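Scroll down for the structure; my scribbles are underneath it.
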Number of protein chains: 2
Amino acid sequence: CAITPSNQANNIAYLQFKKETAAKQMMIQDDNDVLEPPINFSMVDEGIFRSGFPQPPNFPFLKTLQLRSIIYLCPEPYPEENLEFLRSQNIQLFQFGIEGKKEASSSAASSIPKQTILEALKVLIDVRNHPVLIHCKRGKHRTGCLVGVLRKFQNWCLASVFEEYQRFAGAKSRTTDLRFIETFDMVGQRDCLYGIIHHYYRLAYYASKKRSLILYTQAQQDMQTHQHYKP
Amino acid sequence: CAITPSNQANNIAYLQFKKETAAKQMMIQDDNDVLEPPINFSMVDEGIFRSGFPQPPNFPFLKTLQLRSIIYLCPEPYPEENLEFLRSQNIQLFQFGIEGKKEASSSAASSIPKQTILEALKVLIDVRNHPVLIHCKRGKHRTGCLVGVLRKFQNWCLASVFEEYQRFAGAKSRTTDLRFIETFDMVGQRDCLYGIIHHYYRLAYYASKKRSLILYTQAQQDMQTHQHYKP
């Protein structure tokens, strides 16, 4: 089925509505529903979350995020109960199998493959996949590298990127990961990545313009109504 | 000036539009504009951010968040250059003067006043103030307590609330703060806080319903157009 500008605009408005609903669901929980976010859980940006491996007790919390997709950064197959949860919630799984080597075994070289992180980054910045949760096993190294590369793409200074990485890695912070983030060539990738962004930027612009026109018409009608009811 | 349902709906749509724009601005930065988030910066939830004290080099980054307000948790007057930035960006300042005592000096008792945190929480969950940045001096203790109380309100289990507090406080984690968060009586406050949420929930529902109707009409028009152009 072909995607027309109008149903793309509808999709964006629908996504926005879904996100609003999710935020409200999070707020209006019953007192008895205690929610357990996955370990090392945090919001990264609008529609982007990160965590360690989600366990079944975390599923009620994950439901409140109304995820569209999960970026899973380990080579191990996804557990059946997690797959079942994804099916029930209509969440798409993107798996990028990156080995979780110990720092010592990889000596000075990073175990994080650049090309795989680049492919994961493309999925990550594509708003059609939002809201998206990135996770590996503990949400420290592989997830930290992908988020670090996203921050570079967002033009964060390296000091802030490292500070964020270390907040999640804690005592397990790896110099090889920091070096990976630092040397990741963003300049060469920008055109390709901007292509994804600009594509959706145009759609969002189209959608928001249409909405502004509607609001403008609505505002004019309201003004007339107010004049009508003026004493 | 009276707030009518229609301009409330417009306000919500406008806020949504502003947020979308902010997300895009963050993505589409020039290569040379390196952004410096304030120390200990993070997104807490939809429209809620936290950090340490913002310095002038952080202002270009803060611009990308398109903040509506700042919740400042220290008793010291706000610096003139920060006030100037707030004026230029039309950001409202909510100051709650909480002393930043050392843990030792307060013995077993917490130095965080419950009533002040409750008032700050009311400002925090009011979506009219979003996007909002919470900050104190280092974004660890006072900010950590307010975010912790927000998480309790969101029904997070205490283990996750503490994990998040400690991620930001690091080695400076204070048992008195954790005890403050644990003993903060959320049950007694829920009705009052829900009042704020439900109020805006109704407005958001009204606004989204109106938008759905518009999109429905639009979709029908598109369908007709497509039929018209069918070979």
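Taking other C-beta atoms within 10 angstrom as a stand-in for reagent exposure, A:140, A:172 fall in the order A:172, A:140, fewest first. Convert 37 °C to kelvin, take the viscosity as 0.692 mPa s, use the Kirkwood radius over C-alpha pairs of segment A:42-90 as Rh, and evaluate the Stokes-Einstein diffusion coefficient in µm²/s, rounded to a whole number. The calculation lands on 280 µm²/s.
Mean per-residue shielding of peptide B:55-68 is 1, counting Cβ atoms of other chains within 10 Å of each Cβ. In this structure the amide hydrogen of residue B:133, modeled in the peptide plane, comes within under 5 Å of the amide hydrogens of B:49, B:69, B:70, B:71, none closer than 5 places in sequence on its chain. Going from the fewest other Cβ atoms within 10 Å to the most, the residues B:64, A:183 appear in the order A:183, B:64. Shown is the FRET efficiency for residue A:89 and residue B:88, computed with R0 = 51 Å from the Cβ-Cβ distance and rounded to the nearest 0.05: 0.70.
Throughout, read-outs are computed from the coordinates displayed, never taken from laboratory work. What you see is a predicted model; the values in this text were computed from it and never measured. Virtual Cβ from ideal backbone geometry, glycine too; neighbours counted across all protein chains shown.
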